[in-house]
Amino acid sequence: MEPDERLGLYRTMVLIRTYEESILREYHADKKPAFDIGAGLIPGEMHLSAGQEPVAAGVCAHLTADDAVTATHRPHHFAIAHGVDLERMTAEIFGRVDGLGRGRGGHMHLFDPATHFSCSGIIAEGYPPAVGQALAFQRRGTDRVAVAVTGEGAANQGAFHEALNLAALWKLPVVFVVEDNDWGISVPRSASTCVTSNALRAGGYGIPGERVEDNSVEAVHAAAGTAITRARAGEGPSLIEVHTLRLWGHFEGDAQGYRSDLEGVPGRDPLPTYEKQLRAAGVLHDSGDITVASIAAQARDRVEAAIEFAKRSPEPDPATALDHVFARS
Amino acid sequence: MTLTDASASSSAPAQRKLSTAKAMVEAIAQEMERDEDVFVLGEDVGAYGGIFSSTTGLLEKFGPRRVLDTPISETAFIGAAIGAAVEGMRPVVELMFVDFFGVCMDQIYNHMAKIHFESGGNVTVPMVLTAAVGGGYSDGAQHSQCLWGTFAHLPGMKVVAPSNPADAKGLMTAAIRDDNPVVYLFHKGVMGLPWMAKNRRSVGPVPEGEHLVPIGKANVVRPGSDVTVVTLSLSVHHALDVAEELAQQGVDCEVVDLRSVVPLDTETILDSVGRTGRLLVVDEDYLSFGVSGEIVARVAERDPGLLRAPAARVAVPDVPIPYARPLEYAVLPTPDRIRRAVLGLVNA
Ligand SMILES: Cc1ncc(C[n+]2csc(CCOP(=O)(O)OP(=O)(O)O)c2C)c(N)n1
């Protein structure tokens with residue numbers, strides 16, 4: 001890969017991590033001393049994606065705002081990598097009027113028509129709409145693609161299988177991405193299916209499937225490149241499974257008492273791994289124009305600006321609570 | 001979210017208090033001890049102990065043969081519970097949020113709820129389907145619904161929703177022993193969870209040993225003479241709080257806790273409205289075509305002359321539950337909305 005491309009992947013990953021760390025801080029800041037899920041500036045459930053940056057960065061590097069992404073209940077990394085407006089996304093997470101959904105949706109329900117981004121809190125249910133977006137792209141004779149994301153736990157749900165079958169049948173330009181972080185809340189992958197890789201399941205529907213081990217952003221980038229090129233060329237869907245890592249709890253407040261792999265988790269953090277790799281290759285430096293520190297500082301500035309924007313935006317007026325149930329025509 | 005639950009009281013067993021969650025688990029455990037055919041299955045019901053602590057400790061006590069973590073395959077595992085029930089077992093199957101039932105609704109309303117009827121009464125489906133309901137903590141439109149009206153609308157399943165620890169135990173015991181499918185909906189806000197703002201009545205006295213609350217019997221939790229407030233689940237507590245407050249202003253509310261939506265205890269409602277002449281229904285489910293309309297209709301059908309003022313309803317006004325707190329609290333049946341509705345009735 002070209003140094004610029006590699007730097008691009010690294011920047012995206014750093015931006016995502018910086019964002020998630022800031023949300024983590026904001027989320028917990030006002031829930032103390034006793035954790036109260038309904039209290040604070042960001043109430044409700046919070047599923048953060050730290051550790052899964054390589055998947056979003058590697059896949060979305062191939063997309064433009066014309067391509068669609070349907071993400072899961074853990075959507076921030078894909079939203080950021082796909083270029084969803086950081087300020088309006090943050091305002092939504094804070095439940096403010098300038099949010100993507102004017103405060104109606106929240107962190108699991110981010111909708112951005114500008115980048116064709118959406119997500120859902122219902123497991124696997126983002127797959128079928130992605131198939132429909134791909135159908136629209138195909139009908140209109142474009143080379144646009146739809147990317148649908150789930151976790152490995154979701155791959156055991158019906159919608160996953162029906163969507164794969166339909167997309168294969170109609171040869172639609174959709175790329176199915178499975179983030180295998182080993183856990184579906186407290187249920188390990190080994191207790192949820194006997195299939196060793198969801199790439200094998202793709203074969204069951206007559207489409208290519210590839211599993212990327214070791215959470216490598218460049219390997220994801222390569223696999224996604226093949227799948228997306230194929231989709232754009234009208235050759236139909238593919239599936240990519242990435243063996244990634246849930247660095248933190250399923251949601252914030254999750255004590256992870258069930259988790260048997262925690263000890264090795266920090267050592268598998270993909271961010272320092274990639275940083276080391278880029279330093280060794282002479283792509284990242286500690287001095288000069290583009291440094292580790294300057295990339296980190298830029299990310300911090302953007303994230304801080306987004307959080308400032310969110311906090312400045314007013315809360316919605318209760319008198320508007322019944323708005324937007326129906327479109328006005 | 002498995003923080004330690006400090007709700008168990010250290011007081012003498014006679015007045016021991018439990019959280020609603022613990023009372024529910026106690027009922028399941030006692031029935032599992034009593035009957036080998038009772039078993040538990042669902043997502044995160046094992047090592048995690050249920051996202052809302054509805055199965056905490058059962059895995060340790062009964063092992064993985066009787067407490068089964070399932071994959072995220074709701075159609076399959078709820079369907080499997082139906083099959084096991086048809087063969088005479090008594091599964092308690094959990095789907096953590098009621099909002100998720102959409103992905104497996106066919107198994108519920110076309111199979112679980114219809115097999116007994118379609119078999120001409122020859123096959124029974126003795127299972128309990130549990131799920132968490134309700135909002136109030138900004139969990140958004142896909143994680144905050146109640147939906148009991150949806151289940152109640154579709155014939156063939158009983159639907160219960162306890163408001164307090166003792167009822168949680170009694171209704172669970174009755175549900176497990178019932179030969180029908182029972183949908184048991186527990187509001188997150190009454191469970192006494194360590195990570196939620198505590199409702200002061202979410203921890204309360206619970207009888208030891210066998211304790212049954214009959215399904216289909218409402219409870220007059222506060223007698224009063226001016227207005228009947230018919231409600232269920234978390235809203236019972238809001239109604240009681242409002243009633244205590246309004247008593248100081250000379251307004252005497254009777255509060256009826258439905259406990260069971262199907263069957264609906266119409267007699268208790270009519271008796272109460274007969275005495276007060278005024279009816280307010282408070283429902284955390286959507287307003288239209290649901291429980292609140294049904295109750296008003298039953299009173300109107302039986303004897304519209306019972307009402308001295310037109311009946312009133314406080315429910316979610318047909319909008320998905322919004323995320324932002326000011327919007328969510330504008331649509332939930334808050335104490336403030338209940339108070340205004342009661343005053344509207346007595347001043348009508
Ligand atoms: C239909 C449905 N069932 C269950 C849930 C509850 N739930 C939310 S996240 C989750 C685990 C998802 O695991 P996985 O798909 O592996 O994604 P991850 O959380 O690991 O990113 C479950 C069971 C849900 N939201 N929707």
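Brief remarks on what is shown
- The number of residues in segment B:269-312 that are touching a residue at least 40 places away in the same chain (Cβ under 8 Å) and crowded, with 20+ Cβ neighbours inside 10 Å comes to 16.
- Residue in segment A:297-329 that is farthest from the other protein chains (Cβ to nearest Cβ), counting only those that are among the charged types (D, E, K, R) and in a loop (DSSP other than H, G, I, E, B): A:Arg328
- For the condition hydrophobic (A, V, I, L, M, F, W, C), under 24 Å from B:Gly209 (Cα atoms) and touching a residue at least 24 places away in the same chain (Cβ under 8 Å), B:Val123 does not qualify.
- Between A:Ser238, A:Ser260, A:Ser294, the distinction of being surrounded by fewer than 17 Cβ atoms within 10 Å (Cβ to Cβ), within 29 Å of A:Arg189 (Cα to Cα) and of a type in the set (Gly, Ala, Ser) belongs to A:Ser260 only.
- Scanning segment B:63-103 for residues that are within 11 Å of another protein chain (Cβ to nearest Cβ) and more than 16 Å from the ligand (Cβ to nearest atom) gives a single hit, B:Pro64.
- Subset of segment A:159-169 (residues that are within 14 Å of chain B (Cβ to nearest Cβ) and either among the charged types (D, E, K, R) or crowded, with 19+ Cβ neighbours inside 10 Å (or both)): A:Ala159, A:Phe160, A:Glu162, A:Ala163
- Selection within segment B:134-161: residues that are within 15 Å of the chain's Cα centre (by Cα) and in a helix (DSSP H, G or I). The member of this set that is nearest to the other protein chains (Cβ to nearest Cβ) is B:Thr150.
- Just one residue in the set B:Val331, B:Val316 is touching a strand residue (DSSP E or B) at 6+ places or on another chain (Cβ under 7 Å) and within 7 Å of chain A (Cβ to nearest Cβ); that residue is B:Val331.
- Residue satisfying condition, being within 14 Å of chain A (Cβ to nearest Cβ), at pLDDT 95 or above and away from the ligand (no atom under 16 Å from the Cβ), within set B:Glu36, B:Glu31, B:Glu26, B:Glu60: B:Glu60
- Test result for B:Thr130, closer than 30 Å to B:Val316 by Cβ and either assigned by TED's automatic domain parsing to the domain that holds B:Met172 or surrounded by fewer than 24 Cβ atoms within 10 Å (Cβ to Cβ) (or both): yes
- Checked against (1) surrounded by 18 or more Cβ atoms within 10 Å (Cβ to Cβ); (2) away from the ligand (no atom under 14 Å from the Cβ); (3) within 14 Å of chain A (Cβ to nearest Cβ); (4) over 30 Å from A:Glu92 (Cα atoms), B:Gln107 passes all but condition (2).
- Strands (runs of 3 or more DSSP E) (entirely within segment B:223-285) containing at least 3 residues that are closer than 17 Å to B:Ala152 by Cβ: B:260-262
- Helices (runs of 4 or more DSSP H) within segment A:69-147 that include 1 or more residues within 14 Å of chain B (Cβ to nearest Cβ) and at pLDDT 95 or above: A:86-93, A:127-139
- For B:Val123: the one exception among (1) more than 18 Å from the chain's Cα centre (by Cα); (2) buried (at least 21 other Cβ atoms within 10 Å of the Cβ): (2)
- Within segment A:39-68, if we keep just the residues that are within 16 Å of the ligand (Cβ to nearest atom), part of a loop (DSSP other than H, G, I, E, B) and out of contact with any strand residue (DSSP E or B) (no Cβ under 6 Å at 6 or more places or on another chain), the residue that is nearest to the other protein chains (Cβ to nearest Cβ) turns out to be A:Gly44.
- Number of positions in segment B:177-193 that are assigned to a helix (DSSP H, G or I) and not aliphatic (A, V, I, L, M): 3
- Candidates in segment A:194-211 are the residues that are more than 11 Å from the ligand (Cβ to nearest atom) and of a type in the set (S, T, N, Q); of these, the one that is farthest from A:Glu241 (Cα to Cα) is A:Thr196.
- Pairs, first over 18 Å from B:Val128 (Cβ atoms) in segment B:66-80, second assigned to a strand (DSSP E or B) and not charged (D, E, K, R), C-beta under 6 Å, six or more apart: B:Ile72/A:Gly184
The values are calculated or read from the model by the stated rules, or taken from the named source; none is laboratory data. Since the structure is predicted, the reported quantities are computational estimates derived from the model, not experimental observations. All Cβ positions, even for glycine, are placed from backbone atoms using ideal geometry, and neighbour counts span all protein chains on display.
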